[in-house]
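S.K.: This structure is in structure tokens; I'll ask about it shortly.
The values are calculated or read from the model by the stated rules, or taken from the named source; none is laboratory data. Computed from a predicted structure; not experimentally measured. Counting neighbours? That spans all protein chains shown, and the Cβs are built from the backbone with ideal geometry, glycine included.
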Amino acid sequence: MVRLVWHLVVLQLCLLKAAPARNDRRSGRPSPIEPRSQWSSAPDVRPLHYNLSLLTEVDEVNLHGTFHGELTIRVHVWRETRTIVLSTSGLKVGPKVWLIRKNTGGRVAVRKLWHDVRHQRFGIHFKSLLWLGEEYSLMLKFSGQLSRTSGYFVGGYVDASSHPQWVAVSQLAPNLANTVFPCFEDPTLLSPFVLNLAHTRNTNAVSNTRVRATSDHERDNYMWTSFHQTPPTSVQKLAFSINRFTGQKSPRLAKCPELVTWLRPRIADQGAYAIGIAPQIIVFFVGLFGKPYPSVKIDQLVLPDTAYQSHEHVGLVSYPERAFLYSEQGSTAMAKQQVASHVAQEFSHHWFSDLENPALYWLHYGLSDYLAGFAVDKVEPTWRLHELAMVRQGFAVLDEDSRASAQAVSLAHATQSAADDTQAYHKSALLFRMLHSLIGTQVFVNAIRLYLRRSQKGATNQTLLWKAFQEESDRQMSLRQDIQVSRLMESWTLQPGYPLVKVVRDYATQRVTVTQERFLRNPRVGGDSPGPISRRHCWWVPLTFTSAGRDSWVSALPSEWLTCQAYQPARPLVLTEVAPPDDWVVFNLRVTTLCRVTYDDHNWWLIGQALAGRNASNIDRFTRAQLVSDVLSLAGAGVVTYDLALGFLQNLQREDEFIVWQAAARNLRWLHRTLLNTPIISVFKSFMWSILQPKFDELFDPQTRSAGKNNKLDLKGLILKLACQTDMGPCADLALKEFAGLTLKSNRIPIDQRETIYCTAIRYGTEADWTLLRRLYKRSNVAEERGIILSALTCSRENWALDKMLGLAFGSRYLPKGDVLLIFSAVAQNPLGFILAKRYLVDNIQAITKFYGNSTDEIAQLVTVLMEKVSTESELDYLRELMKKDLRYLPGIEATSRRILDLGHDIIAWHKRQYLHLVSAVCNITGSIEPQCLY
């Protein structure tokens, strides 16, 4: 058992003068314990200090583990009471519990221990009253299981010698600390921690603070690692790990603390890029925030498998391998960008770590994610990535937030869904981008510094942040006097969705009427049950616009505003002298506001003419991307016609900007996937080929390839993928030719094209090709390359190959769970694999639930993959019944099910209302005489 401080209890009793227990002024039996809210606003007893010791035991063969702990909490009594209530979940506590009064050294006798499993509470009722203002030391023992759904889990991997290895790591935020040790879980209760970890001698132990000492354990093959005391912190901020990793130090820079990265020895060389840029990123944030880094050291953990996304705790940061590693020989250019962005996002949040509680995660994560882009631009200035990444992220947020089940970002924490959290962080980052464009950089930075100076630990809210922005804006007069930052931002954060801005021109009077309403991709369906949903929402919308005559794209300052009044419908805005009748008008310059914009038919026609003309590139590239994204999304919701939307796509033949093509590709892939099993798919592919062929020839045909196009690696990869996914003949020929030169020793296929070429070659190739790629997978130690190969292996048209991949996914103990989802998704998206994937999930649902340790978010991802392929009510009902019958015991499944079913309702509604409109438009444009176009 763990050797701890129990001998000190006896020592105290022997050396200190024992005092009789104070007579109880209140007689009678203990009163019933009322269920408490999640965190009591005024607990009777509050923690002053934690001393926690843990011994971790891991079954290396089965990757199961247990931990045994002893805990001393020094507490202060704020109100006289007989009871101390701790938060626990899944722990076995006791049976011995000691409470020592500090002033006398006397032991307070325990009358009763009780567990409230439902409310995750462990209560200790004492025979004597705990005195007001006194300090006590509470000592207890406990034990628990390592699992993917608790705050302490074990992951596995195979080392260079093919021996199984493990890593144990904690993740206590946002609400899992009570699964690791009994505690006061209220995040506003801040206390110092002293942590002692017992672990085998051939492992390392790391935590938030530096190692203070190591010592022998009573077990010969174990040792103690003790860490320095932490600053006062919430229990959710404690972090630790036991592993067999190797440590690599980053180069030292002034203003940057000592930084050590722990990762598997086999892939240590792939961490060089992230290890090198981390100190530069930290120094950038020290200057930006005007505050030093809040710790004297940083440890970075690079995990082969994790039950969670990356989490940054001051002093200890954890990443999945794919988010941290980069190989010059095996990783794509986009992977390098993602690594830089990921590292910057993790460190940016450290300056807000003392201010947060779960209700404010969306606020601080959104702000820190937005600021992280500036650090990447500082470290890699040639990429000019930040604005491009924000626009790309904006299109994803607009798609997701157009669902009827969308949540307000300020309520994201209440859903306990990782998908909702991520959407909230991304959306709030875009809202900060909007605010930044309105008030300017200097005001924006000064307001953040002011907010950090004023905020007290654990005592902050969004109002305090908006107040700081308001004061700095007033000082610099950067906003119109009637625009209040709090009213502006809360119109976006306290309600779901975003506006559809309607611009209607009167060409005779040259007046423009601008209105707003909530945009919904399926406005007639709300939630799980069909029915109307209210559009009575209103936002404060900054309006930026230009016209053919103005042709100015630089300024993002609003010319006018759509305003809101409380409890009143949104009012229209009438503008004059915007543009002559023959000039086009475009709103929302550089996509600074999170909205969709639609126009009257004639203005759409004018814009289309401009995009088809020789000077189309004079229109800002981000605006061109928004026009393509808007018109396709609006057509899907029935706001404009598919004839208009597909007509816009024909202008892509002369488009060279990656962001424009990427905006189109998001919608085209959805249409292709949705139409795959419909009669119109062959005609739709012909339409796609008419768009892709000219650009494909320009980029890949040696006889027509334009000079200077070879450096457009991102665009080449995107065009190749779209062409091969739609079975375009020249693309398949190119892929088979490139793959034919592949051997185990030589690979000349461009890294950014390997995913598409591998997949296409496997789809049209032989079993020998599949076997060759599988052997390449086994030889590779690059996480991204291994993922690309796994995805390609599922492109086979042979059932045996797809069955083998599903078996690999759910039968391997050491395959990262991210790769499991990748395989399952790829099989389901294979036209021949959807039925196999669905049958496999249904037949093995209990085993898969156990495989994921009852992790609701991870299992929900598998069901979502299948829901994206439904097209009929019967298919939707089948998955509904699966969730209702087999997943009903998963925590939080009700809200998750509603979100997944909403996705299915949207797809079915599109088939009912928009499918025939799309058929008509595709047939008109292609002039096809296929039967489905004639009848």
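S.K.: Identify all residues within segment 279-302 that are crowded, with 21+ Cβ neighbours inside 10 Å, more than 12 Å from V260 (Cβ to Cβ) and in contact (Cβ under 8 Å) with a residue 60 or more places away in the chain; write none if there are none.
M.R.: I281, I282, F284, F285
S.K.: Collect the residues in segment 239-251 that are among the basic types (K, R) and more than 13 Å from V167 (Cβ to Cβ), keeping them in residue-number order.
M.R.: Hit for segment 239-251 is K249, nothing else.
S.K.: Hey, could you check segment 135-156 for residues that are charged (D, E, K, R) and modelled with pLDDT of 95 or more and say which is farthest from P816 (Cα to Cα)?
M.R.: Looking at residues that are charged (D, E, K, R) and modelled with pLDDT of 95 or more, I get E135.
S.K.: On to the next question. Of the residues L713, L692, L742, L736, only one is in contact (Cβ under 8 Å) with a residue 12 or more places away in the chain and closer than 27 Å to Y642 by Cα; which?
M.R.: L692
The rows are residues; the columns are (1) touching a Ser or Thr at 6+ places or on another chain (Cβ under 8 Å); (2) within 30 Å of K912 (Cα to Cα).
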residue	(1), (2)
R590	yes, no
T593	yes, no
D600	no, yes
W605	no, yes
A610	no, no
R614	no, no
A635	yes, yes
V640	yes, yes
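S.K.: Please state which one of L734, L822 is in a helix (DSSP H, G or I), under 27 Å from the mean Cα position of the chain (by Cα) and at pLDDT 95 or above.
M.R.: Result of the check over L734, L822: L822.
S.K.: Only one of S478, S486, S491 is among the polar types (S, T, N, Q) and under 21 Å from P569 (Cβ atoms). Can you tell me which?
M.R.: Of the residues listed, the single one that is among the polar types (S, T, N, Q) and under 21 Å from P569 (Cβ atoms) is S491.
S.K.: In the list D902, D886, which residue meets the criterion of being surrounded by 18 or more Cβ atoms within 10 Å (Cβ to Cβ) and either of a type in the set (V, I, T) or within 27 Å of D819 (Cα to Cα) (or both)?
M.R.: Of the residues listed, the single one that is surrounded by 18 or more Cβ atoms within 10 Å (Cβ to Cβ) and either of a type in the set (V, I, T) or within 27 Å of D819 (Cα to Cα) (or both) is D902.
S.K.: Could you list, in sequence order, the residues of segment 723-764 that are among the β-branched types (V, I, T), crowded, with 20+ Cβ neighbours inside 10 Å and more than 22 Å from Q693 (Cβ to Cβ)?
M.R.: I751, I762
S.K.: Do you know which of the residues in segment 649-687 that are assigned to a helix (DSSP H, G or I) and among the charged types (D, E, K, R) is modelled with the lowest pLDDT?
M.R.: For segment 649-687, the residue satisfying everything is R654.
S.K.: Still on this structure: Could you please find all residues in segment 206-229 being touching a residue at least 60 places away in the same chain (Cβ under 8 Å) and in a loop (DSSP other than H, G, I, E, B)?
M.R.: Listed by number, the residues that qualify are N208, T209, R210, H217, E218.
S.K.: Moving to a separate point now. Which residue is farthest from F587 (Cα to Cα), if the candidates are limited to segment 624-650 and must be in contact with a Leu (Cβ under 6 Å, 6 or more places away or on another chain) and surrounded by 21 or more Cβ atoms within 10 Å (Cβ to Cβ)?
M.R.: Y642
S.K.: Also: What are the residue pairs meeting all of these: first residue in segment 803-820, first residue more than 19 Å from V782 (Cβ to Cβ) and of a type in the set (D, E), second residue modelled with pLDDT of 95 or more and surrounded by fewer than 22 Cβ atoms within 10 Å (Cβ to Cβ), Cβ atoms under 8 Å, and 6 or more apart or on different chains?
M.R.: D803/L836
S.K.: Within segment 336-344, identify whether any single residue is more than 15 Å from the chain's Cα centre (by Cα), of a type in the set (K, R) and in a loop (DSSP other than H, G, I, E, B), and answer yes or no.
M.R.: Within segment 336-344 (the criterion being more than 15 Å from the chain's Cα centre (by Cα), of a type in the set (K, R) and in a loop (DSSP other than H, G, I, E, B)), the answer is no, since none of the residues qualifies.
S.K.: Is there a residue in segment 592-602 that is within 17 Å of G549 (Cβ to Cβ), surrounded by fewer than 23 Cβ atoms within 10 Å (Cβ to Cβ) and not acidic (D, E)?
M.R.: Checking segment 592-602: at least one residue is within 17 Å of G549 (Cβ to Cβ), surrounded by fewer than 23 Cβ atoms within 10 Å (Cβ to Cβ) and not acidic (D, E).
S.K.: Anything in segment 112-167 that is among the hydroxyl-bearing types (S, T, Y), part of a strand (DSSP E or B) and within 30 Å of R779 (Cα to Cα)? List them, or say none.
M.R.: Y157
S.K.: Which members of segment 157-180 meet the condition of being modelled with pLDDT under 90 and among the small types (G, A, S)?
M.R.: A160, S161, S162, A173
S.K.: Looking only at residues in segment 381-396 that are of a type outside the set (A, V, I, L, M, F, W, C) and in contact (Cβ under 8 Å) with a residue 24 or more places away in the chain, which one is surrounded by the most Cβ atoms within 10 Å (Cβ to Cβ)?
M.R.: My answer is G394.
S.K.: Taking the condition of being within 23 Å of D305 (Cβ to Cβ) and assigned to a helix (DSSP H, G or I), how many residues in segment 800-819 meet it?
M.R.: Residues in segment 800-819 being within 23 Å of D305 (Cβ to Cβ) and assigned to a helix (DSSP H, G or I): 11 in total.
S.K.: Separate question: Pairs, please: C-beta under 6 Å, at least 6 apart or cross-chain, first residue assigned to a helix (DSSP H, G or I) and in segment 869-883, second crowded, with 19+ Cβ neighbours inside 10 Å and small (G, A, S)?
M.R.: Pairs that qualify, where the first residue is assigned to a helix (DSSP H, G or I) and the partner is crowded, with 19+ Cβ neighbours inside 10 Å and small (G, A, S), are L876/G904; M883/S897.
S.K.: Here are the criteria: (1) assigned to a strand (DSSP E or B); (2) without any contact (Cβ under 8 Å) to a residue 12 or more places away in the chain. Tell me which single one L195 does not satisfy.
M.R.: Here L195 clears every test but (2).
Residue-by-condition table, conditions (1) under 30 Å from G315 (Cβ atoms); (2) touching a Ser or Thr at 6+ places or on another chain (Cβ under 7 Å); (3) among the charged types (D, E, K, R):
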{"residue": "L355", "(1), (2), (3)": "yes, yes, no"}
{"residue": "H364", "(1), (2), (3)": "yes, no, no"}
{"residue": "E387", "(1), (2), (3)": "no, no, yes"}
{"residue": "V391", "(1), (2), (3)": "no, no, no"}
{"residue": "E400", "(1), (2), (3)": "no, no, yes"}
{"residue": "V409", "(1), (2), (3)": "yes, yes, no"}
{"residue": "Q423", "(1), (2), (3)": "yes, no, no"}
{"residue": "L438", "(1), (2), (3)": "no, no, no"}
{"residue": "N446", "(1), (2), (3)": "yes, no, no"}
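S.K.: Can you name the number of the only condition in (1) within 22 Å of Q165 (Cα to Cα); (2) surrounded by fewer than 22 Cβ atoms within 10 Å (Cβ to Cβ) that A254 fails?
M.R.: (1)
S.K.: Considering (1) closer than 30 Å to L890 by Cα; (2) crowded, with 23+ Cβ neighbours inside 10 Å; (3) of a type in the set (A, V, I, L, M, F, W, C), say which one L189 fails and leave the rest.
M.R.: (2)
S.K.: Go through segment 632-648 and count every residue that is at pLDDT 95 or above, more than 27 Å from the chain's Cα centre (by Cα) and part of a helix (DSSP H, G or I).
M.R.: Looking only at that region, the number is 6.
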